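A.B. asks: Next up is a structure, given as C-alpha cells.
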Amino acid sequence: MGVAPADAERSRRIFGLETEYGVQHWNPGARPLSAEEVVRYLFRPVVEWGRSSNVFVRNGSRLYLDVGSHPEYATAECSTLEELIASDAAGDLILQDLIAQAEDHMAADGIGGRIYLYRNNADSSGSSYGSHENYLLRRRTEYRRLTEALVPFLVSRQILVGAGRVVPAGTWPEGSGTAHFAFSQRADFVQDGVSSSTTRSRPIINTRDEPHADASEYRRLHVIVGDTSLSEHTHLLRFGATDLLLRMIEAGFPLGDRVVAQPTRAVRQISHDLTGTARIALREGDASALELQEHYLGRARAFVDREGAHHERVEEILELWGAVLEAVRSQDFTPIEDRIDWAIKRRVLEDYRARHDLAWDSPRVAQLDLAFHDITEGRGLFRILRERGTVRRLLPEDAARDAVGAAPPTTRARVRADFIARARERGMDYAVDWTTLKLTDHPLHAISAKDPFETSSAAVDRLFERVGAAG
Ligand SMILES: Nc1ncnc2c1ncn2[C@@H]1O[C@H](COP(=O)(O)OP(=O)(O)OP(=O)(O)O)[C@@H](O)[C@H]1O
Ligand SMILES: [Mg+2]
C-alpha cells in the first residue's frame, strides 16, 4: 500500500511524549538518599549548564524537575513516529549520562551506592507518575465530540500497549483480590474521565487548552492515561493507532457511538482481566475490551482502504494491532512477546516464577517487575532482553544516540535547537520555551515561533546578524 501524496500535507501532525522517571538510591549497608537528595545530584550538571533545573536541551526537548522528585523529559515536537521514538529514547541516554555524573559527585562526597531511574508509573509507596501523550489537533474538529469518541478507545487501548504490572493483593476487586499480573501500570491510579487537571484528579484526557501553537488554528490533545512504553514497537502501536483514531474522528468517519458508562471503573476492570473479555458497561448495553478494540481496528482498516495510508508504517501498525488482539483472543501470547511491553514482561516473570516456584505476591517477583523498567544499560532487564535480541528493535541502534545531539528535522524543534546552539556559541544568555526564543539582553527582539511545522526562521537569522553586528 502506497502513501497517498495529496493527503500527506493535510494529515501532518505534531506528536510529543512526556516521561516522568521513578528514582531510587541503593546503598547496601548505609542509609539510602531520599529521592529529593538524588535528584539534586542528578540535576547538578543541568543547573550548571542551563542555570536552572528546567531547561531545553540541545535536541530541542525539555528536561526538568516538576513538583515531587520525578525527573521529566518531554520530547521535542516530532512529526513522524520514528522521530518520536528516537527523541524519547534520547531522554534515557541523557539521564543515563546524568546518573554516571551524579554517582561520581556522590562518591566525591563520600556517598556510595548506585542511582536507579525507572521508566514506569508506580512505586511501592503507592504514588504514580505519568507518561503524557501530546497530539496536535486542528481546532475545526469539535473538541468535546472528539474526546467523547476517543474515551472508549483509550480505556481499552491498554490491552495493546500496557506496560504490565504485578499488582499487590487487595488491589482488585477493590480492597480484595490476590496478587496477579495486569495489563497496565497506570490503570489503578486513574481517577477521572475528561478533566482539566493532570495531577489532582489524574484524568484519561486533560482538557487544559494550551496548544503551544496558534490558538485560533490548533489545539493540543493531552492524553494522561497511558503507561510509559519501553519497546519501540509498543510506542509505534500506541501513537500509530491513536493517530489513526484521531484521523477518523477528524474526517467524520463513522465510529459508532459507544459511550463508556464509568470510564475510571472500566479502565480498572480491563487492566485486571488478561482474557480481554470482562463486560464493560456502556451507556447502551456492554462490550469487552477485545470487542471494542476489534471494532476500532475494523474501522481503521476500512478507513485506510478508503483513504490510503498516510505514512509508510500504517500497514505495520494495523498488522501489529491485529496480532495483539489475536494473541489476547487465543490466550497464546508468544507471537507478541518480542514487541509488546506487557507480553514481554509477563513472559519473563512467568518463566522466573516457574523456575523458582514463586507466587505473584513474592517480593522477588515484585523486584524483577521493577528491574524490567531500570533504564541503565547492562542492568535494566528490558534493555538486556533487547541487547540479546529477545526484544525486536524498530529503529537502527544508533538512532537514539543521534537524537541526543540533533532535533527532529521536520519541526520547529530544529529552530529552537539551532537558536540554543548559536546563543551558547556566542556566550549569550537566552530563554526559550515551546513557542518563544529570546536573548536575555535583547528582550525587545523576542521571537515568536507559533508554527510547529516551521523548520527554519529568518527572524532568528536576522536577530543573530543584528546582535552580532552590535557586539
Ligand atoms: N503544538 C503542539 N502540538 C502537540 N504537541 C506539542 C506542541 N508543541 C509542543 N508539543 C509537545 O508537548 C509536550 C509539552 O511538554 P511539557 O512537559 O512542557 O508539557 P505541558 O503540558 O505544557 O506542561 P506540564 O508538563 O508542565 O504540565 C512536549 O512533548 C512537546 O513536544
Ligand atoms: Mg510535562
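Since every read-out is calculated from the coordinates, none of them should be taken as a lab result. None of the values given here were measured: they were computed from a predicted structure. Positions of Cβ are backbone-derived with ideal geometry, glycine not excepted, and every protein chain shown enters the neighbour counts.
A.B. asks: If each residue of separation counts as 0.36 nm, what is the full-extension length gain between Glu319 and Thr141 once their alpha-carbon separation is subtracted? Walk me through the intermediate numbers first.
C.D. replies: Numbers: separation 178, 0.36 × 178 = 64.08 nm, distance 2.82 nm.
Length gained between Glu319 and Thr141: 61.3 nm.
A.B. asks: Packing-wise, with mean Cβ within 10 Å as the measure, how do 59-66, 213-220 rank, highest first?
C.D. replies: Ranking, from highest mean packing down: 59-66, 213-220.
A.B. asks: What distance in nm separates the simple spin-label points at Arg265 and Asp461, each placed 7 Å from Cα in the Cβ direction?
C.D. replies: In this crude label model, Arg265 to Asp461 measures out at 6.1 nm.
A.B. asks: Against the 2.2 N^0.38 Å scaling, with N counting residues, where does the chain land? I'd like the Cα-based Rg ratio to two decimal places. Could you put the intermediate results ahead of the total?
C.D. replies: Working: Rg = 22.5 Å, N = 471, 2.2 N^0.38 = 22.8 Å.
Ratio of Cα Rg to 2.2 N^0.38 Å: 0.98.
A.B. asks: Can you give the net charge of the other residues whose Cβ lies under 11 Å from the Cβ of Val404, counting K and R as +1 and D and E as -1? Working shown, then result.
C.D. replies: Details: positive: Arg58, Arg401; negative: Asp92, Asp97, Asp398, Asp402.
Residues near Val404 contribute -2 overall.
A.B. asks: Cut-off 11 Å, label point 7 angstrom out along Cα-to-Cβ of Asp351: give me the residues of region 374-408 whose amide nitrogen falls inside.
C.D. replies: So the set is 385-386, 388-391.
A.B. asks: Could you tell me which of rounded, prolate or oblate describes region 77-135, using a ≥ b ≥ c as the square roots of the eigenvalues of the alpha-carbon gyration tensor, with rounded for a/c under 1.5 and, failing that, prolate when a/b is larger than b/c and oblate otherwise?
C.D. replies: Working: a/c = 4.19, a/b = 1.59, b/c = 2.63.
It comes out oblate by the Cα gyration axes.
A.B. asks: May I pose another question? Using a basic spin-label model with each label point 7 Å from the Cα along Cα→Cβ, how many nm lie between Thr334 and Phe453?
C.D. replies: 4.7
A.B. asks: In deg cm²/dmol and to the nearest 500, what is the mean residue ellipticity at 222 nm of the chain if only DSSP H runs of at least 4 residues count, each as -39500 (n - 2.57), divided by the residue total? If you can, show how the numbers build up before the last one.
C.D. replies: Details: 15 runs with 200 residues, N = 471.
Helix contribution divided over all residues of the chain: -13500 deg cm²/dmol.
A.B. asks: Along the Cα-to-Cβ line of Gln101, 7 Å from the Cα, sits a label point; which residues in region 350-389 have backbone N less than 20 Å from it?
C.D. replies: 375-377
A.B. asks: Which whole-Hz couplings ³J(HN,Hα) result when phi for each residue of region 67-80 is put into the Karplus expression 6.51 cos²θ - 1.76 cosθ + 1.60, θ = phi - 60°, listed in order with x for Gly and Pro?
C.D. replies: 3J(HN,Hα) across region 67-80, in whole Hz: 4, x, 10, 10, x, 10, 10, 10, 4, 4, 5, 10, 10, 10.
A.B. asks: A follow-up question, please. Got a sec? How would Arg339, Arg426, Arg306 order by Cβ neighbour count within 10 Å, fewest to most?
C.D. replies: The fewest-first ordering by Cβ neighbours comes to Arg306, Arg426, Arg339.
A.B. asks: How many nm separate the modelled label positions at Ala108 and Asp305, each set 7 Å beyond the Cα in the direction of the Cβ?
C.D. replies: Using points 7 Å along Cα→Cβ, the separation is 6.5 nm.
A.B. asks: Out of the trypsin sites (Lys or Arg not before Pro) in region 103-142, which ones are loop residues according to DSSP with at most 12 other C-beta atoms within 10 Å? Kindly include the intermediate steps, with their values, before the conclusion.
C.D. replies: Values: sites: Arg114, Arg119, Arg138, Arg139, Arg140; in loops: Arg119, Arg139, Arg140.
When the trypsin sites (Lys or Arg not before Pro) of region 103-142 are filtered for loop state and at most 12 Cβ neighbours within 10 Å, Arg140 remain.
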